[in-house]
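Colleague: One structure is given below, represented as structure tokens, and several questions about it will come after.
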Amino acid sequence: KLLGINYIHQVSFTAKTSELVEPTAVAITRLMRARHRSPGPEQDDFSVRTVEEMAATRVQMASTMNGLLMSVASVSLLVGGIGIMNIMLVSVTERTREIGIRLAIGAVGREVLLQFLVEAIVLACLGGVVGLLLALVASWALAPMLQVPFLFDVRINVVAFGFSALIGVIFGYFPARQAAQLNPIDALRHE
């Protein structure tokens, strides 16, 4: 009455044993087709679902949501990685003379590469820590409002932090390699 439905909207049945679930669903489907004068499944104006079918639907929905969340997270990591790479490319460009001086006084390319790679990793890890803290505060604040328990899993947070460091390595490698391969003479002439 509250929703304005003036017909039978849903009927629930319980089978005595799990072996009777499927035969009961088939019998109910036949009865409903006879009562609704429905010649076949294409013309049915009702649906009969078992608990197993509903559970399978929920599993499929959860799998779809996981895939969607993973794709959003992947795009976020890609955008963050591109941001780190651009910051590092600007850093290499601004510090070209410094790199040239280091290379001219005896530093090898590997040391310059390591310097910029560590800088990229620190930048990514700093972003990872800020992201983890924001997620922690948001989860803690929203848990009571959504009436769900607040859970903190150290392993998940360590994996997330590890991914941020990995993004720093992957996207920081190209600018670091570019800095390591600079010719000292050209780098010293750079304005």
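The values are calculated or read from the model by the stated rules, or taken from the named source; none is laboratory data. Here the structure is a predicted model, which is why all the values come from computation and not from measurement. Backbone-built Cβ (ideal geometry, glycine too); neighbour counts: all protein chains shown. Just so you know, the surface numbers come from the protein's heavy atoms only, side chains and all, with ligands and any DNA or RNA stripped out. Shrake-Rupley method; radii C 1.70, N 1.55, O 1.52, S 1.80 Å.
Colleague: Out of the residues in the stretch 19-68 meeting the condition of being among the β-branched types (Val, Ile, Thr) and part of a loop (DSSP other than H, G, I, E, B), tell me which one is most open to solvent (accessible area, probe 1.4 Å).
Modeller: So, considering only residues that are among the β-branched types (Val, Ile, Thr) and part of a loop (DSSP other than H, G, I, E, B), the one most open to solvent (accessible area, probe 1.4 Å) is VAL48.
Colleague: Pairs please, first residue from the stretch 168-187 and of a type outside the set (Val, Ile, Thr), second anywhere and open to solvent by 40 Å² or more (accessible area, probe 1.4 Å), Cβ atoms under 6 Å, 6+ apart in sequence or on different chains.
Modeller: Here the result reads GLY168/ILE121; PHE171/MET85; PRO175/LEU89; PRO184/ALA104, each pair linking the stretch 168-187 to a residue that is open to solvent by 40 Å² or more (accessible area, probe 1.4 Å).
Colleague: Here's a follow-up. Which residues, taken from the stretch 69-103, are open to solvent by less than 60 Å² (accessible area, probe 1.4 Å) and either aliphatic (A, V, I, L, M) or at positive phi (or both)?
Modeller: If the condition is that a residue be open to solvent by less than 60 Å² (accessible area, probe 1.4 Å) and either aliphatic (A, V, I, L, M) or at positive phi (or both), then ALA73, ILE84, MET85, MET88, LEU89, VAL92, ILE99, LEU103 are the ones that fit.
Colleague: If you go through the stretch 15-38, how many residues are free of Cβ contacts under 8 Å to residues at least 24 places away in the same chain and touching a helix residue (DSSP H, G or I) at 6+ places or on another chain (Cβ under 8 Å)?
Modeller: 2
Colleague: Going by what's in this entry, would GLY168 be described as under 16 Å from VAL79 (Cα atoms) and of a type in the set (Gly, Ala, Ser)?
Modeller: In short, yes.
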